[in-house]
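The next block holds one structure in the form of structure tokens; read it before the comments.
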Amino acid sequence: PRTILVIEDNAALALGLRNNLEYEGYAALVAADAASGLAAARAHAPDLIILDLMLPDADGFRVLRELRAGGSEAPVLVLTALGDEADKVRGLRVGADDYVTKPFGLMELLARVEALLRRTAPAAPP
């Protein structure tokens, strides 16, 4: 299965996301802070990353810059309470592929995950 890394410090939200992603057939990993999220991204090379911007040890913009600087091309879906247009623009410019604000609809989030993964699916052999 495709692997999704959730970097989210709200334990209840992270657990709910993990359970729903696994129900949809994905392998889901959870990290509660920037340092463990970056380590998990390097160790597991996930197919997609769901990233909160407000983490206890660093902001998600920094995590995003470090992921991209480290060569990660995995799509990143930012999931955050920061809903200002300036935050959205900054996230997209730093390397996010999509941006969803909390509170969010679960079905929409799962559809966005599916769409991002569809774009990065390996090409079928001829």
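Can you say what percent of the DSSP beta bridges in the chain, counting only those with both residues inside, are antiparallel? Round to 5.
Around 5 percent of the beta bridges assigned by DSSP in the chain are antiparallel ones.
In nm, give the distance between the simple-model label positions of ALA81 and GLU24, each being 7 Å from the Cα along the Cα-to-Cβ direction.
Taking the two extended label points, one gets 2.4 nm.
Label ALA121 and ASP57 with points 7 Å out from Cα along Cα→Cβ: what is the distance between them in nm?
A separation of 3.6 nm, rounded to one decimal place.
First select every other residue whose beta carbon is under 11 angstrom from the beta carbon of ASP52; then total the charges, Lys and Arg +1, Asp and Glu -1.
Spelling it out: positives minus negatives among the neighbours equals -3.
Given a 1.4 Å probe, how much area per residue of the chain is accessible, in Å²?
On a per-residue basis, 53 Å².
Given a 1.4 Å probe and every protein chain left where it sits, what share in percent of the accessible area of the chain is carbon and sulfur?
So the carbon and sulfur contribution to the accessible surface is 54 percent.
Using modelled amide H (1.01 Å from N, peptide plane; none on Pro or chain starts), what sits under 5 Å from the amide H of VAL6, excluding residues fewer than 5 places away?
Distant-sequence amide H within range of VAL6: LEU29, VAL30, ALA31, ILE50.
The values are calculated or read from the model by the stated rules, or taken from the named source; none is laboratory data. In this text the structure is predicted, and so the values were computed from the model without any measurement. Counting neighbours? That spans all protein chains shown, and the Cβs are built from the backbone with ideal geometry, glycine included. Just the protein is used for accessible areas: all its heavy atoms, side chains included, with ligands, DNA and RNA removed. Shrake-Rupley method; radii C 1.70, N 1.55, O 1.52, S 1.80 Å.
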